[in-house]
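Step one of this worksheet: look at the structure below.
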Amino acid sequence: MIPKINGRTRYSNSVKKHLRKIKPWQAGAWDKQNNNIKLLKTQLRNQLLILQNSKCAYCGLDFNETSSSELEHIAPKGGLKIPKYLEFTFTPLNLVLACHLCNSPIKKGTFDPVIHYSQNYKECTFKIYHPFFDNPDVHFDYVFSGFGMIVQNKTLKGRDTIDLFDLNSAAHINARGRNKLMDILKAALEETQAEEILTSTSLTSEQIADILKSTTYKKTL
Ligand SMILES: [Zn+2]
């Protein structure tokens, strides 16, 4: 399920000092290969993995399920030729971890999610779901479809988010179904048993769901 991120990330004093020194932040600053920037990314990644419970900020799927995680700017920093919100390049509230599925849709590259701009990040408003600011229950709902799970929008913001990140791609729907199945298995079995079953190559999600249909599976749905 699409998560809300409670809490926020913080930089160490040495990183903060470096960020002050390089202000105003320039295009390309994010990709500089120096120790301070490497440390900053490590700090963000470690804290976000905990805050996000190792789940993608946009689709809510386990990173194990959808490949590795990537640090993602909500208001984009843009490229070297066409920079965008450079002033938010290192703003902690503008940075989340997203999965490869959510980070790759073509539309995302040129999309500007900011509706109302303010130099104060907290005063900006966004066209898409903001994992630090918004409540996912207001914007999204879920329905089972076969062995997958579809996300539905309850608001226009929900709709635009689903559209932008292609949250109902076959890969997302199937991964969501598998995630849900894993939760059900974990509730019914010891965690190690559940993991063994799901990593076993001899059983498909459909077969596991069939096994569980007469017991916990139906009740939990
Ligand atoms: Zn994702």
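Values in this text are rule-based calculations from the coordinates and carry no lab data. Quantities reported herein were computed from a predicted structural model and do not represent experimental measurements. As a convention, Cβ positions derive from the backbone with ideal geometry for all residues, glycine included, and neighbour counts pool all protein chains shown.
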Would you mind checking 21/122; 38/122; 16/180; 21/55 for any pair whose Cα atoms are more than 29 angstrom apart?
-> 16/180; 21/55
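Among the listed pairs 77/107; 4/107; 127/186; 4/77; 108/154, which are separated by more than 26 Å between their Cα atoms?
Values: 77/107 16 Å; 4/107 23 Å; 127/186 36 Å; 4/77 23 Å; 108/154 21 Å.
Result: 127/186 exceed 26 Å.
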Rg ratio (alpha-carbon, reference 2.2 N^0.38 Å) - the stretch 13-220 | 1.16
Net dipole in debye of the stretch 13-220 [+1 Lys, Arg Cβ; -1 Asp, Glu Cβ; about Cα centre; nearest 20] | 1040 debye
